[in-house]
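Q: Mind looking over this structure? Questions follow.
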Amino acid sequence: MTEDAPLAYRMRPRSIDEFIGQEHIVSKGKLLERSLLQDRLSSLIFFGPPGTGKSALAHVIKEVTNSRFESLNAVTSQVKDIRRVTQKAEKILATSRERTILFIDEIHRFNRSQQDALLPVTEEGIIILIGTTTHNPYFYIIPPLLSRAQIYKFYPLKREDLSKILENALQNKERGLGTKKIQFDPEAKEHIIEYSGGDARKALNALEVAALTTLPDEEGVIRIDLRVAIDAIQERPLLYDREDDHYDTISAFIKSMRGSDPDATLYWLAKMVKSGEDPRFVARRILIAASEDVGNADPRALVVASATLSAVEFLGLPEAVIPLAQAAIYVATSPKSNATYLGIKQAMEDIEEKGILEVPKHLRDSSYKGAKRLGHGVGYKYPHDYPGHFVKQDYLPEERIYYRPADLGYEKKIKEYLEEIKKII
């Protein structure tokens with residue numbers, strides 16, 4: 001390791017004891033810690049945001065295991081590279097009984113054929129696979145490969161973890177900045193921790209930039225104050241994985257509208273807009289919520305949502321965020337009823353499970369010549385010819401109840417109307 005290597009690389013932990021964070025994975029007594037102690041490792045997939053320790057933990061395993069360690073980068077490797085490594089691993093296992101760990105960074109970039117090439121060697125135990133990815137593996141890695149590995153999710157590092165990592169870098173004389181006289185103001189430290197977004201690499205890079213670009217004072221001390229820290233790291237990283245965070249955030253947005261929380265609704269909307277989400281996608285979800293979760297409790301919600309979809313198409317961002325927010329708040333603050341959704345769902349399930357009912361003859365089309373001779377339309381009662389524009393007659397060959405209106409908003413009036421006409425003989 002050279003002094004020219006980045007600080008984040010130099011400070012990479014060399015043992016479990018040096019590893020900071022992700023206690024749910026590496027703390028004493030956990031499965032992975034026990035597996036390392038007994039040198040009985042199985043294939044592993046680490047996934048989570050950048051700078052949370054995925055590759056670092058893989059290299060800790062490299063240092064503590066008795067197995068051979070090979071690595072491939074999914075960006076540059078091909079099937080032939082996988083076969084070269086695995087064939088070598090098979091020969092070594094046959095001759096010396098030594099197993100091989102194959103570390104693949106950014107494994108989500110492997111296509112189906114590349115992942116298929118890993119299946120037999122992981123199944124037979126020829127290699128122990130360790131794959132790292134910033135993407136949700138359930139969207140990117142084939143199920144047979146996932147079933148052969150332990151899946152570990154890494155989370156953004158906590159403030160206290162980042163504080164320890166920065167302090168270690170400042171004090172370590174062999175690999176860190178310990179040979180320099182550095183005064184690291186608490187406000188500067190807090191700023192770097194806050195703006196690193198749980199990313200140790202980003203925090204260490206900011207510390208290194210601050211230390212290397214700040215001239216020592218007359219006493220030879222490099223003083224990293226808040227102004228220097230702001231120059232070193234100015235923007236928070238916005239973590240938004242196109243599959244994982246995309247689905248999780250839209251789910252939170254929909255559930256916040258359904259739960260009548262306008263503040264949470266606006267927050268998740270803001271996150272999606274700031275992350276570059278397609279505003280038309282967001283508008284479509286509001287439209288669905290207006291019908292599924294509000295329904296006839298306030299029929300105007302669907303009108304507002306429909307108008308918003310048109311406005312978004314016409315305006316585009318950034319202005320489109322205003323009607324999006326208006327429509328989302330309207331849906332969130334409307335009375336709720338899913339009676340329409342449940343009704344059509346039950347009707348469709350009945351058709352699938354019980355088959356199609358025939359249309360009663362008196363409801364059939366009688367507009368064409370000869371329809372009357374078939375009995376079509378005979379006996380049909382035209383509701384507008386009766387008091388209250390309603391008359392009792394059968395509209396299904398057998399009684400079925402699908403729509404059960406709620407006692408909220410306009411749907412309460414619908415319920416009262418339906419109950420009133422039931423009294424008519």
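The values are calculated or read from the model by the stated rules, or taken from the named source; none is laboratory data. For clarity, every value in this text was computed on a predicted model and none was experimentally measured. Because the Cβ atoms are built from the backbone with ideal geometry, glycine has one as well, and the counts that use them run over all protein chains shown. Quick note on the areas: whole protein, heavy atoms, side chains included, nothing else; ligands and nucleic acids left out. Shrake-Rupley method; radii C 1.70, N 1.55, O 1.52, S 1.80 Å.
Q: Would you mention how many residues in region 89-107 are open to solvent by less than 70 Å² (accessible area, probe 1.4 Å) and either touching a residue at least 40 places away in the same chain (Cβ under 8 Å) or out of contact with any Ser or Thr (no Cβ under 9 Å at 6 or more places or on another chain) (or both)?
A: 5
Q: Something else: When both residues are 6+ apart or on different chains and their Cβ atoms are under 7 Å apart, which pairs have a first residue that lies in region 142-169 and is more than 16 Å from residue 56 (Cα to Cα) and in contact (Cβ under 8 Å) with a residue 12 or more places away in the chain, and a second that is open to solvent by less than 20 Å² (accessible area, probe 1.4 Å) and of a type in the set (Lys, Arg)?
A: Short answer, once both residue conditions are applied: none.
Q: Among the residues of region 319-344, which ones are part of a helix (DSSP H, G or I) and more than 24 Å from the chain's Cα centre (by Cα)?
A: Across region 319-344, the qualifying residues are 322, 323, 326, 330, 339, 340, 341, 342, 343, 344.
Q: Within region 124-132, does at least one residue satisfy the condition of being out of contact with any Leu (no Cβ under 9 Å at 6 or more places or on another chain) and more than 17 Å from residue 85 (Cβ to Cβ)?
A: no
Q: Specify the residue that is modelled with the lowest pLDDT; the eligible residues are those in region 1-51 that are of a type in the set (Val, Ile, Thr) and more than 23 Å from residue 137 (Cβ to Cβ).
A: Top of the filtered list is 2.
Q: Something else about it: Quick one: count up the residues across region 381-411 that are open to solvent by 100 Å² or more (accessible area, probe 1.4 Å) and either among the basic types (Lys, Arg) or closer than 26 Å to residue 354 by Cβ (or both).
A: Count: 4.
Q: Suppose the filter is open to solvent by 30 Å² or more (accessible area, probe 1.4 Å), over 30 Å from residue 277 (Cβ atoms), modelled with pLDDT of 90 or more and not in a strand (DSSP E or B); does residue 168 pass it?
A: yes
Per-residue answers, yes or no, for (1) buried (at least 21 other Cβ atoms within 10 Å of the Cβ); (2) touching a residue at least 60 places away in the same chain (Cβ under 8 Å):
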{"position": "67", "(1), (2)": "no, yes"}
{"position": "72", "(1), (2)": "yes, no"}
{"position": "87", "(1), (2)": "no, no"}
{"position": "123", "(1), (2)": "no, no"}
{"position": "128", "(1), (2)": "yes, yes"}
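Q: For region 109-121, indicate whether the set of residues that are closer than 30 Å to residue 196 by Cα, in contact (Cβ under 8 Å) with a residue 12 or more places away in the chain and either open to solvent by 10 Å² or more (accessible area, probe 1.4 Å) or acidic (Asp, Glu) (or both) is non-empty.
A: yes
Q: Let me ask something additional. Any idea which residue in region 10-60 is surrounded by the most Cβ atoms within 10 Å (Cβ to Cβ), counting only those that are of a type in the set (Lys, Arg) and over 28 Å from residue 97 (Cβ atoms)?
A: 54
Q: Considering region 53-63 alone, what residues qualify as being within 23 Å of residue 91 (Cα to Cα) and touching a helix residue (DSSP H, G or I) at 6+ places or on another chain (Cβ under 8 Å)?
A: Within region 53-63, 61 is the sole residue that qualifies.
Q: Is it true that residue 402 is part of a loop (DSSP other than H, G, I, E, B) and at pLDDT below 85?
A: no
Q: Ok, one more. For residue 418, indicate whether it is in contact (Cβ under 8 Å) with a residue 40 or more places away in the chain, of a type in the set (A, V, I, L, M, F, W, C) and at negative phi.
A: no
Q: Something else: Which residue pairs have Cβ atoms closer than 7 Å, lie 6 or more positions apart in sequence or on different chains, and pair a first residue in region 12-23 that is over 18 Å from residue 66 (Cα atoms) with a second residue that is assigned to a loop (DSSP other than H, G, I, E, B) and of a type in the set (Gly, Ala, Ser)?
A: That search, which allows pairs on different chains as well, returns 19/53; 21/53; 22/53.
Q: Those residues that are basic (Lys, Arg) and farther than 14 Å from residue 199 by Cα, I need them from region 6-20; list them, please.
A: 10, 14
Q: Please return the ranges of helices (runs of 4 or more DSSP H) entirely within region 62-158 where 3 or more residues are over 20 Å from the mean Cα position of the chain (by Cα).
A: 79-96, 112-123
Q: Something else: In region 349-370, which residues are open to solvent by 40 Å² or more (accessible area, probe 1.4 Å) and either at pLDDT 90 or above or not in a helix (DSSP H, G or I) (or both)?
A: Scanning region 349-370 gives 349, 356, 357, 358, 359, 364, 365, 366, 367, 368, 369.
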